[in-house]
Amino acid sequence: MPSYFMPPQEYGEFPKTEVNAILQGVTAVMESWAHLPSRYIGVPVEGPASLPLEFSVRFSGYASGFLNVRTSIEMARALVRQTNGKNVTRVPVEDVFKEFVDIFSGKLMAYLWGNNWGLLKMEMPTFTQPKNWPEKEPTACCAFIVENWPVEVRLWIDAGAE
């Protein structure tokens, strides 16, 4: 399992608004949609961890940026069990995790931009890899544990966003 570290101060050097939005969004979706508790564990370590299930969402309009969410296949299986009960063989884990990212991205935009989030154009989550990430440092990022598996969230907001 990759290692994570606790930031030295409240959420490290990242802007409090963005980190709080990520924290609230993950908690809200995990509790209401997946019925799973999540626990904040700090900031992802440098470099990409070995988390093969990764989806990203590009958004533009009122603000623009890139949201990336990564996890393990085992965590996605836990989502399948929680959201589909015993009917786990019919739904691919990738589809359930993609749905989680889609719901989470909407919550995150609402937390960040309130009523203006509807002015954003959000693409559907697409499967990505770390090589697809923006080259600059993320605006904010967090890591969580859901059951026993990590979830990493990275958010890039363009400085020129309105």
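The values are calculated or read from the model by the stated rules, or taken from the named source; none is laboratory data. Just so we're clear, the structure is a prediction, and the values are computed from it rather than from any experiment. Here the Cβ is made from the backbone with ideal geometry for all residues, glycine too, and neighbour counts use every protein chain on show. For accessibility, only protein heavy atoms count, side chains too; no ligands or nucleic acids. Shrake-Rupley method; radii C 1.70, N 1.55, O 1.52, S 1.80 Å.
Scan segment 45-61 for residues that are in a strand (DSSP E or B), at pLDDT 85 or above, open to solvent by 10 Å² or more (accessible area, probe 1.4 Å) and not hydrophobic (A, V, I, L, M, F, W, C) and the total you get is 2.
One residue stands out among those in segment 131-143 that are of a type outside the set (K, R) and farther than 22 Å from Y40 by Cβ: the one that is surrounded by the fewest Cβ atoms within 10 Å (Cβ to Cβ), which is E135.
Which count do you get for residues in segment 113-130 that are part of a strand (DSSP E or B) and either modelled with pLDDT of 95 or more or open to solvent by 30 Å² or more (accessible area, probe 1.4 Å) (or both)?
Let us first name the residues in segment 113-130 that are part of a strand (DSSP E or B), namely 120-122, 126-127.
Cutting the leftovers down to either modelled with pLDDT of 95 or more or open to solvent by 30 Å² or more (accessible area, probe 1.4 Å) (or both) gives us 121-122, 126-127.
Residues meeting the conditions: 4.
Sub-6 Å Cβ pairs linking a first residue in segment 25-43 that is on the phi > 0 side of the Ramachandran plot to a second residue that is among the hydroxyl-bearing types (S, T, Y), at least 6 apart or interchain, are G42/Y4, ordered by first then second residue.
When segment 69-112 is limited to residues that are in contact with a helix residue (DSSP H, G or I) (Cβ under 8 Å, 6 or more places away or on another chain) and not in a helix (DSSP H, G or I), the one that is modelled with the lowest pLDDT turns out to be V88.
On inspection, I22 does not qualify as over 29 Å from D158 (Cα atoms) and modelled with pLDDT of 85 or more.
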